[in-house]
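Engineer: So that we are looking at the same thing, I have put the structure below in structure tokens.
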Amino acid sequence: MSRRDWRKLDESDVRVRPGKGSRPRSKRRPEHSDAVSAMVTGVDRGRWTCALEATHGREVIAMRARELGRTPIVVGDQVDLVGDTSGRPDSLARIVRVHPRTSVLRRTADDDDPYERVVVANAERLLIVTALADPPPRTGFVDRCLVAAYAGGLEPVLCFTKSDLADAEELIARYAELELPIEITRFDQEPASLAGELAGRVTALVGHSGVGKSTLVNRLVPDAVLATGEVSAVGKGRHTSVAAVALPLPAGGWVIDTPGIRSFGLAHVTPDDIVSAFPEFAEAAEECPSGCGHLGEPADPDCALDELAGTGGATAGRLTSLRRLLASRAGLDEHADR
């Protein structure tokens, strides 16, 4: 076989491999004008359960469309679906759009954890469930949930369970200045008042294992049939909810049951996120020095919120309540539980 002298070659001798197609690849994506709207009600191993038109209608199982990449989709998200939306067994639709969120409940594993996890999207309210006894109330955890609610744009509601075992007056007094809706329940009575409070709204429930959260959900949504378990110690019981799930309420609206959690990290929350939820303090906080944590003396001796409370622009009780939440966010609360 003869070898060609490379010195005698020119560009006509170079072989060019043809492309895979003659048409350049387009960056345009389909508009999906025929997509139908739905609310995500459950997530399981790369599949999303969606309720069409965010009503109590049929549920559809969907996958995330390729064009969405790794876009996070959580319970409560409003999405658009294409494909098979019949809801028949073995059918599968595609999520092609995720609408902007109106509220987000986030948490981190710890206060120094940079990774924040979105637990629920688009909930109007956060129902913070705590037992009055067995297990004893953990006010530090309640405060942290309040911080997360304010920072995420949810309206907090307190629910004290097991009132047949202990009195609620002390806890009611602790949170009186925050002017929150408070519901009190017991195992031997139907939660009629709470059901009325939640009707027609999208509400996320959060609480430690053993406080009676799943029992409440079972009564609010009789078809839920969630597991309930006994807890021997605070934060060490069996987590009876393993993933967030949205359930339709008989009188309209949704309740989103979240897994029982042992801690509520707030690494993603800034002091100003909390202050902005208190309208009477928000404007004054803009006059604070840069980096002010709004905790008052000795940490923040030049905080403008003290002057506002001193001149009658806000009550001292509201400022005390605000600073308790700020201290909880900073890990300085007198209560060690989180």
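Engineer: What do you get for GluC sites (Glu not before Pro) in the range 277-309 restricted to DSSP loop and a cutoff of at most 15 other Cβ within 10 Å of the site's Cβ?
Structural biologist: Sites meeting the loop and neighbour criteria: E286, E287.
Engineer: Given a 1.4 angstrom probe, what's the average accessible area per residue across the range 41-96, in square angstrom? Write out the running numbers ahead of the final one.
Structural biologist: On the way: 3030 Å² over 56 residues.
Here the per-residue accessible area is 54 Å².
Engineer: At 0.36 nm per residue, minus the direct Cα-Cα distance, what do E307 and A166 gain on full extension? Give it in nm, one decimal, please.
Structural biologist: Full-extension gain reported as 46.8 nm.
Engineer: Assuming 0.36 nm per residue, please report the length gained on full extension of the stretch R58 to S33 beyond their Cα-Cα distance.
Structural biologist: 6.9 nm
Engineer: How large is the dipole of the range 42-196 about the Cα centre if only Lys and Arg carry +1 and Asp and Glu carry -1, each at its Cβ, rounded to the nearest 20 debye?
Structural biologist: 960
Engineer: If you roll a 1.4 Å probe over the heavy atoms of the protein chains, what accessible area per residue do you get for the range 128-176, in Å²?
Structural biologist: I get 31 Å² per residue for the range 128-176.
Engineer: Provide the net charge surrounding R201, with neighbours chosen by a C-beta distance below 14 Å and charges set as Lys +1, Arg +1, Asp -1, Glu -1.
Structural biologist: Around R201, the surrounding residues sum to -3.
Engineer: Each residue of the range 300-308 in turn: what ³J(HN,Hα) in whole Hz from Karplus with 6.51, -1.76, 1.60 and θ = phi - 60°, glycine and Pro shown as x?
Structural biologist: So the Karplus estimates, Gly and Pro as x, are 10, x, 9, 5, 6, 5, 5, 5, 4 Hz.
Engineer: Looking at the range 64-158, which trypsin sites (Lys or Arg not before Pro) are DSSP coil and have at most 12 other C-beta atoms within 10 Å of their C-beta?
Structural biologist: R70
Engineer: I've got another one for you. What list of ³J(HN,Hα) values in whole Hz, one per residue of the range 182-192 in order, does the Karplus curve 6.51 cos²θ - 1.76 cosθ + 1.60 (θ = phi - 60°) give from phi, with Gly and Pro shown as x?
Structural biologist: 10, 10, 10, 10, 8, 5, 9, 9, 6, x, 5
Engineer: Within the set of other residues whose C-beta is less than 10 Å from the C-beta of P191, count the net charge using Lys and Arg as +1 and Asp and Glu as -1. Before the final figure, lay out the partial values.
Structural biologist: On the way: positive: R186, R219; negative: E183, E190, E197.
Once positives and negatives cancel, what remains is -1.
Engineer: For S91 and R47 in one chain, what is 0.36 nm times their gap in residues minus the Cα-Cα distance, to one decimal in nm?
Structural biologist: Going from the current span to full extension adds 14.7 nm.
Engineer: Next question. When the Karplus curve 6.51 cos²θ - 1.76 cosθ + 1.60 is applied with θ = phi - 60°, which whole-Hz ³J(HN,Hα) does each residue of the range 76-91 get, with x for Gly and Pro?
Structural biologist: x, 5, 8, 10, 10, 10, 10, x, 7, 9, 6, x, 5, x, 6, 7
Engineer: Further, regarding this structure: Where Lys and Arg each count +1 and Asp and Glu each count -1, what net charge lies around V104 among other residues with Cβ under 13 Å from its Cβ?
Structural biologist: 0
Engineer: Within the range 135-227, which chymotrypsin sites (Phe, Trp or Tyr not before Pro) sit in a loop by DSSP and count at most 14 neighbouring Cβ atoms inside 10 Å?
Structural biologist: Those that pass, being in a loop and sparsely packed, are F187.
The values are calculated or read from the model by the stated rules, or taken from the named source; none is laboratory data. Keep in mind that what you see is a predicted model, and the values were worked out from it rather than measured. All Cβ positions, glycine included, derive from the backbone under ideal geometry; neighbour counts span all protein chains shown. Surface accessibility is based on the protein's heavy atoms, side chains included, excluding ligands, DNA and RNA. Shrake-Rupley method; radii C 1.70, N 1.55, O 1.52, S 1.80 Å.
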